[in-house]
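Heads up: the structure comes next, in C-alpha cells.
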Amino acid sequence: MGVKSAERVLEIFNTLAENTQGLTCKEISQKLGYAASSTFELLKTLVENGYLQMNENKKYFLGAMLIRLGNIVNDNLDLKNIIKPHLVELMNILLETIFLGMLSKNSIIYIDKVRSNQTVATNANVGSLKPLYCTGLGKIILAFMKEEKLHEVLEEIEFRKYTKNTIGGKEQFIEKLKEYKNQGYAIDDEEIEEGLWCLAVPIYDSKGEVNLAISVSGPKERMLAKKELITETMLKKSKEISQLLGYIK
C-alpha cells in the first residue's frame, strides 16, 4: 500500500468515526474528494480484513478489528506512567502534594501521589479510600457524572461529618456540584481534615467521561495565598492530560 493509500485509509477511519450512522461509498468519496472507483476498492479491502463492516443498505461502519486494536492499545497504556510526569511537574510548580484519584464504587481511591517536602502530613496515601462527598477528587468526579448515575451514587452516601465544614446533606451538595461543574474545579475546604485545603480538576477520557481526577493539597493559609496560580495551573494541566488520553473537546 502506498503512502497516499495509507493516508486515505486513515481519512476514511476518521470520517466514519465522525459519522456513526454510517456512510455509503458515494458519500465517503464526496466527503473526501476521491474518485468513487478507487474509494470502493479501498473500502472492499478494509471490509475483507475486518477493519470496516457494511450493512444491507451498503453503508460502511468501523469494524471489529479496530475494537480489538483499541483494546490492545488500552491494555498497553499504563495511565499512571502517562500521567506521572505531569504530577511531578505540578508539584515542582505549586510546591504542594499532588494526587491522582479514580472512582471506586462509592469512594475515591488514591492511585498516585507526588509528595512535596514542605506540605503538611495527610493520611491520604496510594491505595487508600476516601468518601466522594468531602474530597476534592470525589466532588469533581461527581460534578461531571451523568445525572442518573449521580443520583444512584448519592442514594448510597451517608453524609457523615468529619469536620465542622463537611457538607451536611444531599440537596445542598447537589447545588455545590453544579457550581464545581461550571467553574471546572472543586474545592475541599477543611472538609475531611482540619487545616487542609485542596483543589481538584477532572481528567476526561477519550469518550469525554470523567473517572479520574487530580488534586493539589496543602495547609489552607498557604494554599489560599497562591490560589490564583493553583487554579490556573491545575485547569491547564487538566486539559493537557485529558488530551493525552484521547479527549477531543
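Between the Cα long axis of helix 227-244 and the first principal axis of the chain there is an angle of about 30°, rounded to the nearest 10. Exposure proxy ranking for Lys176, Lys80, based on other Cβ atoms within 10 angstrom of each Cβ and starting from the fewest, stands as Lys80, Lys176.
Helix 79-94 and the longest principal axis of the Cα set of the chain meet at an angle near 50°. Taking label positions 7 Å along the Cα-Cβ direction at both Lys161 and Gln53, the computed distance is 5.6 nm, reported to one decimal. Going by neighbour counts of Cβ atoms within 10 Å, the residues His151, His86 line up, fewest first, as His151, His86.
Of the residues Met91, Ile12, Gly33, the one whose Cα sits farthest towards the positive end of the charge dipole of the chain is Gly33 (charges of +1 on Lys and Arg Cβ, -1 on Asp and Glu Cβ, taken about the Cα centre). With a cut-off of 15 Å between beta carbons, the residues surrounding Tyr204 carry a summed charge of +4, where Lys and Arg count +1 and Asp and Glu -1.
Kindly flag which residue pairs out of Lys207/Lys237; Lys139/Lys239; Lys58/Lys207; Lys130/Lys164 have an alpha-carbon separation exceeding 21 Å in this structure. Over 21 Å Cα-Cα: Lys58/Lys207. Across all directions, the average flat footprint of the convex hull enclosing the Cα atoms of the stretch 77-244 is 9.0 nm². Is any residue of the stretch 123-162 close enough, with backbone N under 16 Å, to a label point placed 7 angstrom from the Cα of Gln172 along the Cα-Cβ axis, and if so, which? Counting backbone N atoms under 16 Å from the label point, the list is 133-135, 158-162. Computed from the Cβ-Cβ distance with R0 of 45 Å, the FRET efficiency linking Thr24 to His151 stands at 0.60.
Counted residue by residue at 0.36 nm each, then reduced by the alpha carbon distance between them, the extension gain from Lys4 to Asn92 reaches 27.2 nm.
None of the figures in this text is laboratory data; all of them are computed from the coordinates on show. Just so it is clear, the structure is predicted and the values come from calculations on it, not from any experiment. Heads up, the Cβs are rebuilt from the backbone with ideal geometry, glycines too, and the neighbour counts pull from every protein chain shown.
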